[in-house]
Amino acid sequence: MFDWWRRRRDAHVLEHRAIPDDLWLATLAAYPFLKHRPLADLLALRELATLFLARKQFHAAGGLVLDDAMALAIAAQACLPVLKLGLGWYDGFVGIVVQPDQVVAQRAWTDEHGISHEGSEVLSGEAMPGGPIMLSWPDVAEAADSAACGYNVVIHEFVHVLDMASGNVDGVPPLPDRATRDHWIEVMSNHHHALCQALEAGVDTWLDPYAANGLEEFFPVAAEAFFVAPQGLREHHGEVYHLLAEYFGQDPARHAR
């Protein structure tokens, strides 16, 4: 019964709340990495973004004025990871908070020796279990320019949501069986370890060094690059690229320019 009701509701949204053509085309022009995919995928992405906008609640913080173009920019990028997986993976949260700039958060943690520490961290985004998702608008707006570096804050935070769906934030999303999970951990761990070794040796790395902060960050950082700089990820981390291509059901390097 619930599935029938949701299909009917979604059909109503797609018919009566469709994204205007001019706004959709302007979004594709502003974020070119969105449009480098087959027409069928673009049509599916537009539908997912429409449903995403209907299901989620956007909140502007710090005096920021949020308009339709800004909300669509976030929705379209957020829907890339679930283009083939389905929007249901985002059902666990509703709120999206858009900040006018990066946020300084106070942190407390305990190190491996049991010593407590406190400090501050500058955040361009944050995903919390059950939501909300926090995003810095300047980082979202500059996504086209930062794509060459493999950076995308929206994709990063929404891939954290996929990771959280397994019940743990460990860089391993829900996978179909133990063999698939073991293979995922092996590939990701090997490339994470190689990245850490390169950084310790003072070697410049193609992948953002932030990925060295554990598998829970390696996965979303690699996923950012997979969607916005796929040819670079395939060249420098081919095993990771193919693992993500199988997981996401997409092959963006095939269509990238």
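Miscellaneous remarks
- Region 2-254 - share of DSSP beta bridges that are antiparallel (%, nearest 5): 60
- Of all the options LEU80, LEU195, LEU45, the one that moves most in a Gaussian network model of the chain with Cα springs shorter than 10 angstrom is LEU195.
- Selected from GLY167, ALA223, TYR210, residue furthest toward positive end of dipole (region 137-257; charges at beta carbon): ALA223
- Neighbour-limited loop hits for trypsin sites (Lys or Arg not before Pro), region 1-81 (at most 14 other Cβ within 10 Å; DSSP other than H, G, I, E, B): ARG17
- The H on the amide N of LEU123, modeled in the peptide plane, is under 5 Å from the matching H of VAL103, VAL104, ALA105, each at least 5 residues off or on a different chain.
- Space enclosed by the convex hull of the alpha-carbon atoms of region 157-207, per residue, Å³: 89
- Value of [θ]222 nm, deg cm²/dmol, for the chain, DSSP H segments ≥ 4, -39500 (n - 2.57) each, nearest 500: -15500 deg cm²/dmol
- Considering only VAL94, VAL122, VAL65, the Gaussian network model of the chain with Cα springs below 10 Å gives its largest mean-square fluctuation to VAL122.
- Summed residue charge, Cβ within 13 Å of GLU15's Cβ, Lys/Arg positive, Asp/Glu negative: +2
- Each Cα pair under 8 Å and six or more residues apart adds its separation to the average, and for the chain the resulting relative contact order is 16 percent.
- Segments 161-167, 10-16 sorted - mean Cβ within 10 Å per residue, highest first: 161-167, 10-16
- The alpha carbon gyration tensor of region 124-211 gives principal lengths a ≥ b ≥ c with a/c of 1.5 or higher and a/b no greater than b/c, which makes the shape oblate.
- The residue among VAL98, HIS12, LEU51 whose Cα reaches farthest toward the positive pole of the charge dipole of region 2-254, with charges on the beta-carbon of Lys, Arg, Asp and Glu, is HIS12.
- Between HIS193 and ASP67, the simple spin-label model (points 7 angstrom out along Cα→Cβ) gives 5.2 nm.
- Sum of side-chain charges, GLY150 neighbourhood, beta-carbon under 13 Å (Lys, Arg +1; Asp, Glu -1): -3
- Size of the chain from its Cα atoms: along the principal axes, largest to smallest, the extents are 56, 41, 40 Å.
- Region 129-204-region 35-96 distance, computed between alpha-carbon centres (Å): 19
Readers should treat all values here as calculations from the given coordinates under stated rules, not as data from a laboratory. Quantities reported herein were computed from a predicted structural model and do not represent experimental measurements. Heads up, the Cβs are rebuilt from the backbone with ideal geometry, glycines too, and the neighbour counts pull from every protein chain shown.
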